[in-house]
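Here's the structure we're looking at; comments come further down.
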Amino acid sequence: MGAEVYQAQVIKNFFETITGTDRNLTRIYMCVVSLAKLRMESPEKITHLMDQMRKSKQKRELSIDIIDYVCTCAIEMDMQSVSTAFGVTEIAGMADSFNSISLDSL
């Protein structure tokens with residue numbers, strides 16, 4: 001689960017970078033490579049992603065393969081890990097804390 005929390009944070013940083021005002025390809029490159037390393041992708045997959053980043057730099061637009069890869073990673077993640085990464089508390093856990101309120105206190 002620990003690696004998935006880091007993956008969720010890297011994915012969040014990736015999308016913040018591509019949607020923000022500073023669309024720095026170096027930051028995008030680091031997010032993609034970090035994500036691939038965290039997911040323990042094969043060397044062939046990492047080489048393909050790096051090649052797509054090089055092509056993106058030459059064409060000055062982000063390759064659809066890179067966006068597709070990151071979106072696929074996001075879809076495959078466990079929702080519990082994603083919630084933990086973004087600091088979201090589980091609603092069921094919050095509901096248990098309200099069970100202890102007595103009717104007299106209302």
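Cβ-Cβ under 8 Å, sequence separation 6+ or interchain: first residue in the stretch 6-23 and open to solvent by less than 40 Å² (accessible area, probe 1.4 Å), partner among the aromatic types (Phe, Trp, Tyr). Which pairs? Filtered contacts from the stretch 6-23: Ala8/Phe86. Of the numbered criteria (1) surrounded by 15 or more Cβ atoms within 10 Å (Cβ to Cβ); (2) without any contact (Cβ under 8 Å) to a residue 24 or more places away in the chain, the one Cys71 fails is (1).
Could you please find all residues in the stretch 24-57 being more than 17 Å from Asn13 (Cα to Cα) and either modelled with pLDDT under 90 or acidic (Asp, Glu) (or both)? Can you show your working first?
Of the stretch 24-57, the ones more than 17 Å from Asn13 (Cα to Cα) are 40-52, 54-57.
Result: Glu41, Glu44, Asp51, Ser56, Lys57.
Of the residues making up the stretch 24-47, those that are open to solvent by 60 Å² or more (accessible area, probe 1.4 Å) and of a type outside the set (Ser, Thr, Tyr) number 8. Beta carbons closer than 7 Å, at least 6 apart along the sequence or on distinct chains, pair a first residue in the stretch 43-65 that is under 14 Å from Val33 (Cβ atoms) with a second that is assigned to a loop (DSSP other than H, G, I, E, B) and open to solvent by less than 60 Å² (accessible area, probe 1.4 Å) for Gln52/Ser63; Ser56/Leu62; Ser56/Ser63.
The values are calculated or read from the model by the stated rules, or taken from the named source; none is laboratory data. The model shown is predicted, which means the values in this text are computed figures rather than measured ones. Cβ: placed from backbone, ideal geometry, glycine included. Neighbour counts: every protein chain shown. Just so you know, the surface numbers come from the protein's heavy atoms only, side chains and all, with ligands and any DNA or RNA stripped out. Shrake-Rupley method; radii C 1.70, N 1.55, O 1.52, S 1.80 Å.
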